[in-house]
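Structure first, then comments.
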Amino acid sequence: VNRGRMQLAARFCAANGFTWDGIIDERQNLREWIFEQAGYCLLDFTILGGQFSLVPSVPYNSNYTINNNAKPAIKALFTDGNIRNMKVTFLAPEERQLFRAVCLWRQDKHNGFPETRTLTVRLSNSQGGSAADPEETFDMSGFCTTEAHALTFAKYALKLRKEIDHAVTFETTPQAAMNLSPGDYFRLASEVTHTSRFNNGSIGPDGSITSADQLNGNYSILYWEPGTTGVKSGTLRASGNKTTQATLFGTVFTLQNSTTINRVYKVES
């Protein structure tokens with residue numbers, strides 16, 4: 001193991017009251033078990049140079065307590081100049097569904113039997129949460145013995161679900177990635193011409209437009225006419241979800257967007 005990182009993780013857990021009080025009564029896959037349990041303590045399980053280690057997933061103060069106001073340290077910058085073959089993978093809808101977190105934790109009694117307690121947390125309405133969100137249960141009763149620990153994890157799980165919606169994969173130079181390790185954060189600024197999976201539609205034989213949003217104005221589109229070969233590009237002039245461009249009647253289309261994205265990502269590998 002990486003001794004320095006493990007010491008850091010131990011101080012982080014001690015400062016925030018994260019403990020593991022339980023038993024292991026059957027064989028476990030070591031890496032999978034460490035990965036799962038680390039997440040409950042807001043830690044990342046990393047393997048660096050063949051050495052196992054744990055490292056805090058969130059910013060922390062000098063006394064190792066969680067700092068909810070600090071931004072993560074950015075270790076590298078990637079742009080269109082030092083990356084290639086970038087691929088974007090969106091999470092499935094069920095992996096992006098907001099939820100109410102139901103955490104089970106164990107309340108121990110001195111010289112008595114333990115009692116399993118339940119804690120329910122959800123995002124506020126201002127953050128997009130709702131009392132009608134489906135429930136997801138996290139059974140921490142095998143090791144968690146404090147309500148504060150369960151509450152902190154529940155809040156973290158809710159925010160992860162809200163903020164993370166896709167992953168990126170790309171190639172870069174050894175020099176650009178030299179200071180990065182799993183768990184580090186980097187900024188990606190890229191100008192790409194792409195299509196949005198939500199900005200799609202079709203145009204009827206009378207010029208009526210069927211799309212998720214009402215279209216008014218001029219839009220750069222890619223379109224295809226059934227029965228033909230190849231996809232064409234053009235400009236769609238729409239008013240009240242209708243167009244008078246006869247050449248586009250009976251086609252399906254997607255809007256093009258030329259945008260610059262500037263986001264922060266966390267390194268997985």
Exercise. What accessible surface, in Å², does a 1.4 Å probe find on TYR156, ignoring ligands, DNA and RNA and rounding to the nearest 10?
Worked result: 50 Å²
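Report, to two decimal places, the Cα Rg of the stretch 53-159 normalised by 2.2 N^0.38 Å (N = number of residues).
Values: Rg = 18.6 Å, N = 107, 2.2 N^0.38 = 13.0 Å.
Normalised Cα radius of gyration, the stretch 53-159: 1.43.
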Exercise. How much length is gained if the chain between VAL168 and THR89 is pulled fully straight, taking 0.36 nm per residue apart and subtracting their Cα-Cα distance, in nm to one decimal?
Worked result: 27.8 nm
Exercise. The stretch 32-70 to the stretch 89-108: how many Å between their Cα centroids?
Worked result: 19 Å
For this session: Sort PHE153, PHE170 by accessible area with a 1.4 Å probe, largest first.
Result: PHE170, PHE153
For this session: Kindly express, to the nearest 10 degrees and within the range 0 to 90, the angle between helix 30-40's C-alpha long axis and the longest C-alpha principal axis of the chain.
Result: 80 degrees
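Using per-residue counts of other Cβ atoms within 10 Å, averaged over each peptide, order 87-96, 66-75 from highest down. The partial results should precede the final answer.
Details: 87-96: 9.8, 66-75: 11.4.
So the order, starting with the most tightly packed, is 66-75, 87-96.
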Exercise. Roughly what would the spin-label model give for ASN29 and ALA176, points 7 Å off Cα along C-beta, in nm?
Worked result: 3.2 nm
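What's the whole-number percent of alpha carbon pairs in the stretch 1-50 lying beyond 18 angstrom?
36 percent
Per the Kirkwood treatment, what hydrodynamic radius in Å, one decimal, follows for the chain from the mean inverse distance over all distinct Cα pairs? Can you show the working numbers first?
Values: mean 1/r = 0.0441 Å⁻¹.
Final number for the Kirkwood radius of the chain is 22.7 Å.
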Seminar exercise, completed: Here Rg/Rh (Cα, Kirkwood) for the stretch 79-123 equals 1.41
Exercise. Straight-line reach from LYS71: which lysines have Cα under 25 Å away, leaving out those fewer than 8 places along the same chain?
Worked result: LYS155, LYS159, LYS162, LYS266
For this session: Roll a 1.4 Å probe over the protein heavy atoms and report the accessible area of TRP105 in Å², nearest 10.
Result: 20 Å²
For this session: Treat each spin label as a single point 7 Å out from the Cα along the C-beta direction, and report the ASN63 to LEU104 distance in nm.
Result: 3.5 nm
For this session: State, in angstrom, two size descriptors of the stretch 138-269 derived from its alpha carbons: Rg to one decimal place and Dmax to the nearest whole number.
Result: 22.8, 68
Exercise. To the nearest 10 square angstrom, what accessible area does MET6 show with a 1.4 Å probe?
Worked result: 70 Å²
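The values are calculated or read from the model by the stated rules, or taken from the named source; none is laboratory data. Model, not experiment: these values are computed from the prediction. Neighbour counts are summed over all protein chains in view; Cβ atoms, including those assigned to glycine, are modelled from backbone coordinates with ideal geometry. We work out accessible area using only protein heavy atoms, side chains counted, and drop any ligands, DNA or RNA first. Shrake-Rupley method; radii C 1.70, N 1.55, O 1.52, S 1.80 Å.
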